[in-house]
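Presented below is the structure to which this report refers.
The values are calculated or read from the model by the stated rules, or taken from the named source; none is laboratory data. All of these numbers come straight from a predicted model, not from anything done at the bench. Because the Cβ atoms are built from the backbone with ideal geometry, glycine has one as well, and the counts that use them run over all protein chains shown. Just the protein is used for accessible areas: all its heavy atoms, side chains included, with ligands, DNA and RNA removed. Shrake-Rupley method; radii C 1.70, N 1.55, O 1.52, S 1.80 Å.
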Amino acid sequence: MSATSHSTAHPSPESPPDPLDLSTVPPTPITHLSETESLMAETVRKYATTTILPLARAMDEAETMDPAVVESLFEQGLMGIEIPEDFGGSGMNFTAGIVGIEELARVDPSVSVLVDVHNTLVNTAIMKYGTQESKRKWLPRLATASVGSFCLSEPASGSDAFALKTRAEKVKDGYRINGSKMWITNSMEADLFIVFANLDPSKGYKGISAFVVDKSAKGFSIAKKEKKLGIRASSTCVVNFDDVDIPSDQLLGEEGQGYKYAIGILNEGRIGIAAQMTGLALGAWENAANYVWNDRKQFNEYVGSFQGMQHQLAQAHVEICAARALVYNAARKKEAGLDFVKDAAMAKLYASQVAGRVSGQAVEWMGGMGFVREGLAEKYFRDSKIGAIYEGTSNIQLNTIGKLLQKEYTKS
Amino acid sequence: MPPLRILVPVKRVIDYAVKPRVNASHTAIETSGVKHSLNPFDELSIEAAVRMREARTKKPPPPNSASTPEVADILALSAGPPKCADVLRTAMAMGADRSILIEVGEKEEQLEPLAVAKVLANVVEKEGCNLVILGKQSIDDDAGQTGGMLAGLLGWGFAGQAAKISFTEDGGGIEVAKEVDGGVETVRGRVPMVVTTDLRLNEPRYASLPNIMKAKKKEMRKVGVGGVFGWRARGGEVEDGEGGGAEEEGGGGKVEDVDGLVGRLKELGAL
Ligand SMILES: Cc1cc2nc3c(=O)[nH]c(=O)nc-3n(C[C@H](O)[C@H](O)[C@H](O)COP(=O)(O)OP(=O)(O)OC[C@H]3O[C@@H](n4cnc5c(N)ncnc54)[C@H](O)[C@@H]3O)c2cc1C
C-alpha cells in the first residue's frame, strides 16, 4: 500500500474499457445507492454492530485481530466482494465494496482496512492482471479462505515506492525473490502475498514485476510486528524473503509491468481508504452525538443543546457529507470507466483530513468520557491518523492533485 | 408429515430506529423519505422457516432437528406499494425460495388485518401451502390480528407468539412454546397450521453478500390485489371473495346519534 508521485505519469497498462456514455443517463443524487448497494450497507451495518462492535475494544487493547472475526468476514462474503460468483465470490460492483468498507469503519477501522486491502488491492490485482489460470488458482481461495497482503513498501522506499530494493531473479522453472518489505498490512493473518520485486534493476522502475507468494514458501518469514498508535488490531509487519523460490506461473501478469500494476491498483485502492476514513468520521461523530444529545446533561440541559456545541456538530456533519460525496463520486467515475485519478486523490486527502478533525473534536465534545479507554471516542481519534499516511501520504495526494491541476490550467 | 410448504408473509414498515412524525396534513404518520425495513417479527419468521430447512440440509445438522420434516418451499409474500420489493429481496437473501408481491398502490386504501388475512388465505390455497409462519404483529400498527384471523378463515390450527417451535418425535406434530406470565405454555398441533412468532424465537441472520446476489435471480411474482381475490373466487370453495361487509351479512346497523341509539335499543326491547 504505498504511495508514489509517479501516479499520473503512466496510464494503467490494460487497455481501459470504453468510458460509459453518460449523456442520456438522468443524474441522481450522489448518495443514491442501487438495491444491491443499499442491501450491502444494511447487512454490513448489522453484521458489524452485532459481530465486531462487541470485540472492537478488546482487539485494540490486545493489538490482535480475533480469528473469529476473520472467519466471519469470509462467511459473510466480504472477502470476495467483486470476485465473480463463478470463482466463489460475491460478484458485486466496486461501489458496493466501497459502501461495505465505509460501514465497517463506522464500527471498527481495523477490520475495515483488513477487508479493504484484501479486496481493493489483492483481489483486484489478480482480477485485473492475472491470467485465466491464476484467477482459477487464487480467486476461490481469496474469496473463501485465504487473507491477502500487498507488499510494496520497504524500509528505504515509502513515498518513493519504486526505489524498492527487493530483487527477483530468473531461475530454472521460476523466480527467486530476495529482500525485505515493511509496513505490510494483514501479514499476520495472510496466506497470500502480492510482492513487488525488481527483475532488472538496470532498467530502473521498469524492471519492477509483481509475484504471488504463498506463506508456506520456503524462505518466507514474518520478522517484526509493529506496535502502533492506531488501527492496532490490524497487523503491520516486516516480512523477509530469503531465497524464496516460486514457480513461473506465480508471476502476476507480465515481467516489467509491476510498476504499472501498482499505480493502477493504488489509484483505485485510495477510494477504499477514503471510504474507510469517511466511515470512521461518521462513527466517531455518531458516537459523540448520541452522548451529547441523549446522555450528558450540564446546567440542566443536554450538553449538545448549547449552540456552541450544536454549531460544531453541524459543521462536522457537513464535512463528513462532503467527504462522502467525493468518495462516491470517485467510485462512480471509476465504475463508469472515466478518468478518476484526481478524484480518488481528492477523496482520500479530504476524507482523512475530515476523519482526523471530526474524531478529534468528538473526543472534546464528550469531555472526560471521550478521553478514557472505556468508550470508542479516543480509539476513533487514534485510528484516524493512519488515513494521512498509507496508500500515499497527504503530501503525495496533494502532489498528484497539484500536478494534474497545473496540467489542466497551463496555457498552450 | 408431508413436506412443508411454508408461507412467510412479510411487511415493510418504518424502521424501528426511526422516530415517527405526524405528516403535514395531520392525517397519518409521515412515510415519505423515511427509512423503511422488514418488520422485525417477520425476520424471525423467515429465520424460523430457513432453520427448518437447514435441519435437513445443514452439515452437521443442528441439535434436536432429527424430527423436522423436509421443507419443499419457502414463499415470502408482501402486500403493499412497489417498494415492498425491498423486503422481499431481503427475505429471499435470508433464504426464502421465491416471493409474491401483491401490489397495493400508494394511493389506494391500506389493507386492514382482515383484508390481509383474506389475501393470505387466497394465496395459501392457490400455492398449496401447509404452514404459515408470520410475525405476531407488525411494529407500525401493532394490531396483532392477522395470524389469528387467517387461521380462522382457513379453519386451521393456530399457535400464537412462538418462543420455540419444534417437531414431535413421531414426526406428526408441531409443538409451539409461548412465554406467558409465570411460565411457558406449550401448544401442540398438526399441519396445516398457522404460527405467529415472538421476539425470543431466534436471532435472525443477516444475509451474506453471495446470498444477496443470488436473491436477485429468485422469482418475484407481482400480482394486483384484485387478482388475488380472483384466485379464490374461481376456486369457489370459500364465500366472501369480494370482502362483503357486515350489513350485507345482515348484522348490525347504523344510527345517527345518541338519541337514535336509545330509540333503537327501546325498539329492540333492550331498554
Ligand atoms: C499502518 C500502516 C500500514 C501500511 N500498510 C502497507 C501495506 O499493506 N503495504 C505497503 O506496501 N505499504 C504499507 N504501508 C506503507 C505506507 O504506504 C507508507 O508508510 C507511506 O507510503 C509513506 O511512506 P514512509 O512511511 O516511508 O514515509 P516517507 O516517504 O518517508 O515520508 C515522510 C514524510 O515526507 C513526506 N514526503 C515524502 N516525499 C514527499 C514529496 N515528494 N513531496 C512532499 N512530501 C513528501 C511525506 O508526505 C511524509 O510526510 C503501511 C504503513 C502503515 C503505517
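Under the criterion of Cα pairs below 8 Å and six or more residues apart, the relative contact order for chain B equals 21 percent. For segment A:141-181, the pair-distance distribution built from all alpha carbon pairs, in bins 10 Å wide starting at 0, is 26, 33, 35, 6 percent.
Ranking B:212, B:79, B:135 by how far each Cα lies toward the positive end of the dipole of the protein assembly as shown (charges on Cβ) leaves B:212 at the top. Between the Cα long axis of helix B:225-235 and the first principal axis of chain B there is an angle of about 80°, rounded to the nearest 10.
Filter the cross-link list A:135/A:215; B:11/B:216; A:228/A:403; A:170/A:260; A:342/B:83 down to pairs whose alpha-carbon distance in this structure exceeds 26 Å.
In this structure, A:228/A:403; A:342/B:83 exceed 26 Å between Cα atoms.
Starting from 0.36 nm per residue, how many nanometres of slack lie between residue A:293 and residue A:305 once their C-alpha separation is accounted for?
Between residue A:293 and residue A:305, full extension yields 3.6 nm more.
By how many degrees, 0 to 90 and rounded to 10, does the Cα axis of helix B:113-127 deviate from the longest principal axis of chain B? Roughly 50 degrees between the two axes. From the residues A:387, A:397, A:372, which one has its Cα farthest along the dipole of segment A:363-412 in the positive direction, the dipole being from +1 and -1 charges on Cβ of Lys/Arg and Asp/Glu about the Cα centre? Farthest along the dipole direction, towards plus: A:397.
Selection among A:196, B:25, B:145 by position relative to the dipole of the protein assembly as shown gives A:196 as farthest towards the positive end (Cβ unit charges, Cα centre). In whole percents, the pair-distance distribution calculated for segment A:145-293 from its alpha-carbon pairs, binned every 5 Å from zero, is 2, 9, 17, 20, 19, 13, 7, 5, 3, 2, 2, 1, 0, 0. Mean per-residue shielding of peptide A:68-76 is 1, counting Cβ atoms of other chains within 10 Å of each Cβ. Roughly how many Å is it from the Cα centre of segment A:230-276 to that of segment B:26-61, as a whole number? Cα centres, segment A:230-276 to segment B:26-61: 41 Å.
Maximal additional length on extending the residue A:339-residue A:172 stretch stands at 56.0 nm, based on 0.36 nm per residue less the C-alpha distance.
Excluding ligands, DNA and RNA, what is the solvent-accessible area per residue of segment B:4-242 at a probe of 1.4 Å, expressed in Å²?
Ligands and nucleic acids excluded, the figure is 49 Å² per residue.
The C-alpha atoms of chain A define a longest principal axis, and helix A:132-144 lies at about 30 degrees to it. When shorter helices are ignored and each DSSP H run of at least 4 residues is given -39500 (n - 2.57), the per-residue value for the protein assembly as shown at 222 nm works out to -13000 deg cm²/dmol.
The charge dipole of segment B:85-216, taken about its Cα centre with unit charges on the Cβ atoms of Lys, Arg (+1), Asp and Glu (-1) only, comes to about 500 debye.
Looking at segment A:316-386, the GluC sites (Glu not before Pro) that sit in a DSSP loop and have at most 15 other Cβ atoms within 10 Å of their own Cβ are A:374. If you wrap the Cα atoms of segment A:222-312 in a convex hull and average its projected area over all directions, you get 10.2 nm². Here the spin labels are modelled as points 7 Å beyond Cα on the Cα-Cβ line, and at residue B:143 and residue B:216 they lie 3.6 nm apart. Under the convention that each Lys and Arg Cβ holds +1 and each Asp and Glu Cβ holds -1, the size of the dipole of segment A:202-320 around its Cα centre is about 380 debye. About the centre of its Cα atoms, the protein assembly as shown shows a dipole size close to 2280 debye [charges on the beta carbon of Lys, Arg (+1) and Asp, Glu (-1) only; nearest 20 debye].
With a 10 Å cut-off around each Cβ of B:195-207, the average count of Cβ atoms from other chains is 2. Across every pair of non-identical alpha carbons in chain A, the mean reciprocal distance, once inverted, gives a Kirkwood radius of 21.7 Å. Be a star and scan segment B:143-163 for residues whose amide nitrogen sits under 15 Å from the point 7 Å along the Cα-to-Cβ vector of residue B:199. From segment B:143-163, the list is B:161-163. Of the chymotrypsin sites (Phe, Trp or Tyr not before Pro) found in segment A:293-359, the ones in coil according to DSSP and having at most 14 other Cβ atoms within 10 Å of their Cβ are A:299, A:306. The listed peptides A:69-80, B:215-226, B:21-32, A:262-273, ordered by packing as a protection proxy, come out as A:262-273, A:69-80, B:215-226, B:21-32 (highest mean of other Cβ atoms within 10 Å first). Of the residues in segment A:36-67, those shielded by at least 40 Å² of accessible area once partner protein chains are present, compared with the chain alone at a 1.4 Å probe, are A:36, A:39, A:42, A:43, A:46. Diffusion coefficient of segment B:4-242 by Stokes-Einstein, Kirkwood radius over Cα pairs, 25 °C, 0.890 mPa s: 134 µm²/s. The per residue volume of the convex hull around the alpha-carbon atoms of segment B:100-181 is 123 Å³.
For the full complex of protein chains and a 1.4 angstrom probe, list A:383, B:181, A:173 by accessible area with the highest value first.
Correct descending sequence by accessible area is B:181, A:173, A:383.
Trypsin sites (Lys or Arg not before Pro), restricted to segment A:381-412: which are DSSP loop and have at most 15 other Cβ atoms within 10 Å?
Filter output for segment A:381-412: A:411.
Other protein chain C-beta atoms within 10 Å of residue C-beta, averaged over A:387-398: 0.
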